[in-house]
Amino acid sequence: EILGQSETDTFIFRLNAQFSWNLAGTEGTSNWLNKWAGLMGLEAGAAEGLPTIWFVRGAAPPLNGRGAPWPTDFRILDALQQAGWHVRDLRVIRMWWHPDRTELICELLNIPVDHMETTMMWQALHPLYEAVMFGGGLPLHAALVEHRGKGFLLAGAGGRGKSTCCARLPKDWTALSDDETLLVRSAKKRPAAHPFPTWSVANANGRSWSVSRNVEL
């Protein structure tokens, strides 16, 4: 009821029956959410019974006298405070939550800086990763490659050759991601690996990653 009829776009972030969410945006976050959903290959729409993560725009901090480039959701943020919602500051984004509600609200910065928009896409995964980790899953700094229906991880620190290796795979191997992979338990209780975007180049080459797809390790 706080958000009312603010919704402009909705997408389904679906990993499995245990870990799935509806994502919804307001006018101020519409372009950001559509770009984020496109990078991750998300399905448009909303699924009944799933918890929702809303994305809203906060106020613009002082930045060389420039104002907020997108509509600010002052009404929603004021109402959250009045209704006793708690806020968790992750520096680039802020997460609003209430002990009696299943939905979360992610407050985005409101500044015209492209790399900050991408950084917020990466940080907005925080509550999803947290839920998966409590359920026995794990996000990894690792490339995910597939061979004959099986997944293999190439783990290593930045600059150690994960992307180079992925670019040089034989033709019967497929690189699904070259930097980030999320592990969840499959229905068979085995680790299923999902490819995730390489955020440092996410908006540079027009590529997308199908995060709902998974392969068994």
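Computed values, structure above
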read-out: Calculated FRET value between His126 and Arg75, using beta carbons and R₀ = 30 Å, to 0.05; value: 0.75
read-out: Protection proxy ranking of 82-91, 69-78 - average other beta-carbon atoms within 10 Å, highest first; value: 69-78, 82-91
read-out: Separation of the Glu48 and Ser200 label points, Cα + 7 Å toward Cβ, nm; value: 4.6 nm
read-out: Normalised contact order of the chain, rounded percent, pairs of Cα under 8 Å and 6 or more residues apart; value: 17 percent
read-out: Zone of Arg213's modelled label, taken as backbone nitrogen in region 124-156 under 15 Å from a point 7 Å along Cα→Cβ; value: 144-152
read-out: Projected label distance in nm at Lys189 and Phe152, using a 7 Å step from Cα toward the beta-carbon; value: 2.8 nm
read-out: Amide hydrogen neighbours beyond the local backbone of Asp9, cut-off 5 Å, H modeled; value: Gly25
read-out: Of Ser20, Ser200, Ser30, the one that fluctuates the most in a GNM where the chain has Cα springs shorter than 10 Å; value: Ser200
read-out: Pair Trp173, Thr119: separation of 7 Å Cα→Cβ label points (nm); value: 3.4 nm
read-out: Region 50-165 shape via C-alpha gyration tensor axes, a/c threshold 1.5; value: oblate
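Here, each number is a calculation from the coordinates, and none is a lab measurement. The structure displayed is predicted, hence computed values, not measured ones. Don't worry about glycine lacking a Cβ; one is built from the backbone with ideal geometry, like all the others, and counts go over all protein chains shown.
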